[in-house]
Amino acid sequence: MADDFRYAQPKQYQRLFLKDDIRPDGRPVTGCREVKIHCNTVSSALGSAMVCFGNTRVIAGIKGRFAEPTINNPSSGYIIPNVSLPGLCNTKYRPGMPVDKAISISHKLESISTDVTDLMELCIVPGKVVWCLYLDVVCINDDGNVLDAAVLAMTAALFNTWLPTTHINEETGLVTVVPGGEKTKMILKFLPVTVTLSVFDDVTLPDPCESEEQIEAGTVTCCVDENSKMRAMWASADLPDDMMAAALLYIQKRASVLLSVLRKVSQRDTP
Amino acid sequence: SSGINAEYGGINAEYGMYEEALEQTCQQIILTSQHPRTSIQVIAQIESEDGSLLAVMKNALCLALMDAGLPMKAMFAAVSCVQLENDELAWDPTLDQEDEATAKFTIVYECTKNHAIFVNCTGVTSVEQYVLVLQKGRQVAEEVFSFYRESFEKLLRRDVKFQMLLPPIIKDEIVEPE
């Protein structure tokens, strides 16, 4: 009975819950789902992490490759983020070209990750060989708010990335990885996390689940780092100033919670 | 759906975010229930670029939607701002200013309640700076709205039907030279 109503009139269904200050999955209106971060889940990657926001699960892995630097920046490596939302994570995604949502999240990861590390550190031989880090983000289960999970997974993966030492053969100029050699931890300039709020009917709901994303009027996503500096802000919602200010306060609090979870999990100092 | 054609060169991945931005604003503004089973395609052709690209695109979008006669919830105006090295704000930046900028803001305001309906901010900035930009941006948006009004008045003045509705142009008195 309730399922029929939810299918036929999803917005009314949501409104009935919000009237009692609760959301359909039992959370309070300003509540977020439980966050779990597991680091180093992919042993073949230089760094990896899996992030779970309730049922939403995203894995990020860093794969390093030697590449030629670009002409404009001959002594800088680069990070190439790629997000995939395969058919297994949600029935609405079909196999084939990357979904718009995946491309959109990739763009956002790119704008956040450009400055996150000193790209000069990724240089091996200036002008010839640099590290090219493929940041592959795969969503295993999409139950809403994949963007936040993807950014947190990216940050956790980068935070736990260990770059192997390289050996340059003087005769051939070939660069190889020293097997069993020392590894250096990648240093991040800042730790970005995003917090997304979904706007529905004059209420902002943090960490929307999938059913809430379907009926939302808009979203507000803000990326902050551990020093409360704002790194990015994307909003496509009709939000009056006071609601925007309240949202920003909430975002900062939530960001510090996410960062503390991240720090607790990544306490290792050795690869 | 939306597409952006660059000034030169083929497909430009950079503009993917801008395409999404145009789509989001269209979805918020256009009353799609008035046109069921219809696809509205927006194409932006960039003639020349010198900074504030997204804001200019959005403003062009608003005027194009009005010209097309599509039913809209409100008119909207976009303003663009950059934060320079000394935390100073420069409104309506050129490409040179954007290159020097530490942060870029593009905010779209709608005309009925002056709420911000779209924000795109990248770079390093603080929440206080963002709130300041949000408030000051309204004044700049006012100028864009008055430009919309002037443009449409000029356009409609040529049409006899509307000449009765528009205020008459008062010619300045000719001052005799002494």
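The values are calculated or read from the model by the stated rules, or taken from the named source; none is laboratory data. Since this is a predicted model, take the numbers as computed values, not measurements. Neighbour counts are summed over all protein chains in view; Cβ atoms, including those assigned to glycine, are modelled from backbone coordinates with ideal geometry. For accessibility, only protein heavy atoms count, side chains too; no ligands or nucleic acids. Shrake-Rupley method; radii C 1.70, N 1.55, O 1.52, S 1.80 Å.
A quick yes/no check of all residues on (1) surrounded by fewer than 22 Cβ atoms within 10 Å (Cβ to Cβ); (2) touching a residue at least 24 places away in the same chain (Cβ under 8 Å); (3) more than 20 Å from A:Asn141 (Cβ to Cβ):
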| residue | (1), (2), (3) |
| --- | --- |
| A:Ile22 | yes, no, yes |
| A:Thr41 | yes, no, no |
| A:Ala49 | no, yes, no |
| A:Asn55 | yes, yes, no |
| A:Val58 | no, yes, no |
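Could you check, for the range A:130-140, whether at least one of its residues is charged (D, E, K, R), under 19 Å from A:Trp234 (Cβ atoms) and touching a residue at least 60 places away in the same chain (Cβ under 8 Å)? Scanning the range A:130-140, I find no residue that is charged (D, E, K, R), under 19 Å from A:Trp234 (Cβ atoms) and touching a residue at least 60 places away in the same chain (Cβ under 8 Å), so the answer is no. Among the residues of the range B:18-42, the ones that are modelled with pLDDT of 85 or more and either surrounded by 13 or more Cβ atoms within 10 Å (Cβ to Cβ) or under 18 Å from B:Glu110 (Cα atoms) (or both) come to 16 in all. With respect to being facing another protein chain (nearest Cβ under 7 Å) and either assigned to a strand (DSSP E or B) or within 23 Å of B:Glu20 (Cβ to Cβ) (or both), B:Phe105 falls outside the description. If you go through the range A:85-130 and keep only what is part of a loop (DSSP other than H, G, I, E, B) and charged (D, E, K, R), you end up with A:Lys92, A:Arg94, A:Asp115, A:Asp118, A:Lys128.
Look through the range A:124-179, keep the residues that are acidic (Asp, Glu) and over 18 Å from A:Glu210 (Cβ atoms), and return whichever of them is nearest to the chain's Cα centre (by Cα). Within the range A:124-179, the match that is nearest to the chain's Cα centre (by Cα) is A:Asp136.
Identify the residue in the range A:214-271 that is in a loop (DSSP other than H, G, I, E, B) and basic (Lys, Arg) and, among all such residues, is modelled with the highest pLDDT. Among residues in the range A:214-271 that are in a loop (DSSP other than H, G, I, E, B) and basic (Lys, Arg), the one modelled with the highest pLDDT is A:Lys229. Scanning the range A:150-159 turns up one or more residues that are in contact with a Gly (Cβ under 7 Å, 6 or more places away or on another chain) and open to solvent by less than 20 Å² (accessible area, probe 1.4 Å).
So which residues in the range A:108-122 are open to solvent by 30 Å² or more (accessible area, probe 1.4 Å) and either more than 10 Å from every other protein chain (Cβ to nearest Cβ) or of a type in the set (Phe, Trp, Tyr) (or both)? Hits for the range A:108-122 are A:Asp118, A:Leu119, A:Met120, A:Glu121.
Test of understanding: among B:Glu128, B:Glu98, which residue is over 12 Å from the mean Cα position of the chain (by Cα) and away from every other protein chain (no Cβ under 12 Å)?
B:Glu98
Among the residues of the range A:195-213, the one identified as open to solvent by less than 20 Å² (accessible area, probe 1.4 Å), among the hydroxyl-bearing types (Ser, Thr, Tyr) and either over 19 Å from B:Val124 (Cα atoms) or facing another protein chain (nearest Cβ under 10 Å) (or both) is A:Ser198. Residues in the range A:214-271 that are charged (D, E, K, R), in contact (Cβ under 8 Å) with a residue 40 or more places away in the chain and open to solvent by less than 60 Å² (accessible area, probe 1.4 Å) were compared, and the one that is nearest to the other protein chains (Cβ to nearest Cβ) is A:Arg231. In the range A:63-107, the residue that is nearest to the other protein chains (Cβ to nearest Cβ) out of those that are closer than 12 Å to A:Leu133 by Cβ and open to solvent by 70 Å² or more (accessible area, probe 1.4 Å) is A:Asn82.
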